[in-house]
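Have a look at the structure below before the remarks.
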Amino acid sequence: MTMHEMTSLAGIPESNIQLTTKWSDNGNHKLVTKLQSKKIRPLKSGEIIVEMLYVPLHGSFWLACHPSAIHPRRQEFLESGEFVFGNGGVGRVVATADSGTGVECGDYVCVLGHSPCKHYDCYGCSVLHRYTECDYNEGNIIGHGKGSNDGTLASYCILPRFSWELCFKKEDNPTEADLRPFMFGFLIADVRNALTRHPDSLRMRRMLLFGAGHSGHIAAYIHLHTCPEAKILVVDSNEKRAESVKSLSPDSIDTFVVPEELVMELTVNGTPSDYREDIKPTILSLAKKIKSHFKGRSCNLLFDCSSGNTTPLWDNKYMLSPTAHCIPFGFGSEGIDISKDIIQLSGLNILMSRGVGNLRNRREVIELIKAGASNFIDKYLVGDSLKLPTLADCEKFVYSNHNPPMPLHKIKHAYVTPNSL
């Protein structure tokens, strides 16, 4: 350990309190999430330690820690038998491994979670800086297994190079109101990356948006601010959430509420071959609403960020049109049916987009928040979330939603403040 490291680490406790998910001890093949203490390891070159100030509990967390281990990447998460989730948040730097990190103790960083592989010839990581598109499949996300660092749902978090962006220097003396919106920086970068990954998506003015949670609000906000004269139709099973998105621009946005029992049936039981015919009345009603809102035309940008299995509602000729861009963003979908009708749609693009994007996207998100998106975040994301003052409160909140397990779309948004200012 260098003298710089020894000085930087002087004020850090030896152990860290973390919200850890692992298999239950009673052999019932269920996951449990609870606090535990772990010794803080020495830093590696390029790493920093931050004390976490604000960390959101979002959809991916609830999917990953679900007692029934339903996350599609559960084997990666549980590679070592346990994991500490949290790939976003805001933290204050308390230690750096070396002087080349670009930050000093006392600076504030927005955690973005993703980090590159170590291969110099990896085009995805070294050139594109899109670490989810790593040539070697070794790009990492903190808290996501595959040998990655523990996540941010903890008192402290060790961050590798490129997994964060500076949001304030210590001499800026940011207030809580200044810092708080940046806990959603990773989610905004994720959604923005998906919507701008294909340059032609920016000219698609008629958005069909499935899901009115945080990602849905962000998608609507970004699309309205990047695509002139855009119109959006929001589809959700919760009228209150859908109306919340509509309030962003009542003249441009309309809503369509699907029966909650239908979404639950699709999510729990998948999509039996005969079920598409059963939901056809809902599909036709939605198609009629689309024609009305888009003045006789179909959507040309579909963004599905629902936490349920909603693809059977839109992977058909009634929803999609030639040249449409489809972006399946949520994790709840079981699959997309590429039928004869879909194959005939010339110019149709189905774009899978994951991750916070390249360096430019991440840094532009920081500036976007500073330039006014913080007001939107405070009103629609922070304002809709339950504040959990401590990690102990967070542990109780998780327990209450897991015993018995609450449907993912019914869990209230929340954030935790492990180290209050």
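Observations on the structure shown:
- Size-normalised alpha-carbon gyration radius of the stretch 278-321, reference 2.2 N^0.38 Å: 1.12
- Scaled against the 2.2 N^0.38 Å expected of a compact globular protein of N residues, the Cα radius of gyration of the stretch 212-331 reads 1.01.
- Accessible area of K38 in the full protein assembly, 1.4 Å probe (Å², nearest 10): 80
- Overall size of the stretch 360-421 from C-alpha positions, given as principal axis extents largest first: 41, 29, 22 Å.
- The stretch 69-140, relative contact order in percent, only Cα pairs under 8 angstrom and at least six apart counted: 21
- Rounded, prolate or oblate (a/c below 1.5 giving rounded, otherwise prolate when a/b exceeds b/c) for the stretch 36-84 by Cα gyration tensor: prolate
- Diffusion constant of the stretch 171-214 at 4 °C, which comes from Stokes-Einstein with the Kirkwood Cα-pair radius and 1.567 mPa s, µm²/s: 99
- The stretch 54-121 and the stretch 333-369: distance between their alpha carbon centers, rounded to Å: 23
- Computed over neighbours whose Cβ is under 9 Å from that of F210, the net charge equals -2, Lys and Arg +1, Asp and Glu -1.
- Taking only Cα atoms of the stretch 95-247, radius of gyration then Dmax in Å: 18.2, 51
- At 1.306 mPa s and 10 °C, Stokes diffusion of the stretch 144-217 via Kirkwood alpha-carbon radius, µm² per second: 101
- Dimensions of the stretch 46-127 based on its C-alpha atoms, expressed as ranges along the principal axes with the largest first, amount to 44, 36, 21 Å.
- q = 0.13, 0.15, 0.28 Å⁻¹, the stretch 90-161: log10 I(q)/I(0) [Debye, one scatterer per Cα]: -0.42, -0.55, -1.22
- For the set T311, T132, the ranking by accessible area, highest first and with no ligand, DNA or RNA atoms included, is T132, T311 under a 1.4 Å probe.
- For the chain, the equivalent ellipsoid derived from the alpha-carbon gyration tensor has semi-axes of 37, 24, 20 Å in decreasing order.
- Normalised Debye scattering of the stretch 271-421 at q = 0.11, 0.14, 0.18 Å⁻¹ gives log10 I(q)/I(0) of -0.67, -0.98, -1.20, counting only Cα atoms as equal scatterers and leaving out solvent.
The values are calculated or read from the model by the stated rules, or taken from the named source; none is laboratory data. On a predicted model such as this, the values are computed, not experimentally measured, just so you know. Cβ: placed from backbone, ideal geometry, glycine included. Neighbour counts: every protein chain shown. Quick note on the areas: whole protein, heavy atoms, side chains included, nothing else; ligands and nucleic acids left out. Shrake-Rupley method; radii C 1.70, N 1.55, O 1.52, S 1.80 Å.
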